[in-house]
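Undergrad: Handing you this structure, nothing more for now.
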Amino acid sequence: MNLLAVDPVHPDPGAIAHAAEVLRRGGLVAFPTETVYGLGAHALDPEAVARIYAAKGRPSYNPLIVHLADAADAAALASEWPEAAERLAAAFWPGPLTLVVPRRPEIPDAVTAGLPSVALRVPAHPVAHALLRAAALPVAAPSANRSTGVSPTTAGHVARSLGDRVELILDGGPTSVGIESTVLSLVGEIPTILRPGTLSVDRLREVVGEVATLADAPGGKAARPSPGMLDRHYAPRAEVRLYDAGDARAEGEPAQARTAVMAWGPGPHPPGELVRMPADAREYAARLYATLHRLDEAGFDRIRVERVPDTAEWAGVRDRLRRAAHPG
Ligand code: AMP
Ligand code: MG
């Protein structure tokens, strides 16, 4: 593994050219995006894509998001580019929105898990953007961590999770958004959020009108069109449980367990080492994974997390917390 520090706003062209060369010859490069660090590979090279799955221990039924330098490059990978895609791209790209559209046949099955659709995103981070421009390739990039673990928001998190499984890590400092992109499917009749992020359903509706969320889908989970939506995901080593403020009883805690309590409200909170979280959804998202990584490293056995509000802007954080707390 080779860790290369780059300026997050004006990355050194030499470092970017080197990383682009690694991608072009089929190697894995971890790089910062505004959401989390990605583990990138040449998306049209099936052997390179296979290296992503091997490095992460990712199940082959979990498709990858393909990253592009601009909307025109994204549209070139779609067999249909609906009017809604055009409007969403104009409104939110570059940025933390992934669009699922019908795929072109040259995209390897390994990228889409055999689906007839492909997930596309134009990231805003200057390092990601420079790398995509220099490589002049579509880059498949899931989060740069072992499958089901907490996603990395720093290069250090990547190095600790993947170490020698990645050829090069571009260190552009901590990421700003902090949780993964909003994934919106444009394949059905109504645009549908497959994974919530920091870009809320309300903002999407302003641009394309009706937008469904998976929770509204008939049959709920059974009908989910996104095979990668694992119930347990984003989970630290410590056991995570959610609580409501006021419900401060410590239910059956073994005395020896070291407990941390992540709280955003006034309380009361359960016993344990109190970690103050922001009461603003965006700020909370930006800190969430870094906090989970830090508590794992500090050796806590249990993390009690105060439930977050049931509103649209908290949907991304709520989804990650629910899955971090999912047993087994
Ligand atoms: P990750 O790469 O871990 O950030 O996750 C990518 C997520 O995007 C997957 O877990 C899926 O939920 C979703 N996704 C990617 N490609 C598709 C696709 N073709 N159809 C539906 N969902 C997709
Ligand atoms: Mg991931």
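The values are calculated or read from the model by the stated rules, or taken from the named source; none is laboratory data. Remember, it's a predicted structure, so these values are computed and weren't measured experimentally. Here the Cβ positions follow ideal geometry from the backbone for every residue, glycine too, while neighbour counts run over all protein chains shown. To get the accessible areas, we keep the full protein, side chains included, count just its heavy atoms, and leave off ligands, DNA and RNA. Shrake-Rupley method; radii C 1.70, N 1.55, O 1.52, S 1.80 Å.
Undergrad: Over the chain, how many percent of alpha carbon pairs lie in each 10 Å bin up to the one with the longest distance?
TA: 6, 27, 35, 23, 8, 1
Undergrad: Given Cα pairs under 8 Å that are at least 6 residues apart, what percent is the relative contact order of the chain? Don't skip to the end; give the middle numbers.
TA: Values: 733 pairs, mean separation 66.0, N = 328.
Averaging sequence separation for qualifying contacts and normalising by length gives 20 percent for the chain.
Undergrad: Further, regarding this structure: Round to the nearest 10 and report in Å² the accessible area of residue 314, as given by a 1.4 Å probe over the protein chains' heavy atoms.
TA: Accessible area of residue 314: about 10 Å².
Undergrad: Rounded, prolate or oblate: which fits the range 48-176 when a ≥ b ≥ c are the square roots of the eigenvalues of the alpha-carbon gyration tensor, with rounded for a/c under 1.5 and prolate only if a/b beats b/c?
TA: Details: a/c = 2.00, a/b = 1.34, b/c = 1.49.
The shape class here is oblate.
Undergrad: Please list 181, 60 from largest to smallest accessible area, probe radius 1.4 Å, with all protein chains kept in place.
TA: 60, 181
Undergrad: Return the percentage of antiparallel bridges among DSSP beta bridges fully within the chain, rounded to the nearest 5 %.
TA: If we restrict to bridges inside the chain, about 40 percent are antiparallel.
Undergrad: Next question, about the same structure. Between 0 and 90 degrees, rounded to the nearest ten: what's the tilt of helix 13-24 against the longest Cα principal axis of the chain?
TA: 80 degrees
Undergrad: Please report the spacing between the Cα centers of the range 154-180 and the range 1-77 in Å, no decimals.
TA: 12 Å
Undergrad: For an R0 of 35 angstrom, estimate the FRET efficiency from the Cβ-Cβ distance between residue 76 and residue 294 and round to the nearest 0.05.
TA: Details: r = 41 Å, r/R0 = 1.17.
For residue 76 and residue 294, the calculated efficiency is 0.30.
Undergrad: For the range 55-136, give me the percentage of DSSP beta bridges that are antiparallel, rounded to the nearest 5 percent. Present the calculation step by step, with values, prior to reporting the outcome.
TA: On the way: 5 of 8 bridges.
Of those bridges, close to 60 percent are antiparallel.
Undergrad: Would you mind checking the tilt of helix 83-92 against the longest principal axis of the Cα atoms of the chain, expressed as 0 to 90 degrees and rounded to 10?
TA: 60 degrees
Undergrad: Give the carbon-plus-sulfur fraction of the accessible surface of the range 109-164 in %, rounded to a whole number; probe 1.4 Å, heavy atoms of protein chains only. It would help to have the intermediate numbers written out before the result.
TA: Numbers: 910 of 1670 Å².
Carbon with sulfur: 54 percent of the solvent-accessible area.
Undergrad: Give the accessible surface of the chain per residue, rounded to a whole number of Å², with probe radius 1.4 Å and ligands, DNA and RNA excluded.
TA: Working: 13460 Å² over 328 residues.
Heavy-atom SASA per residue in the chain reads 41 Å².
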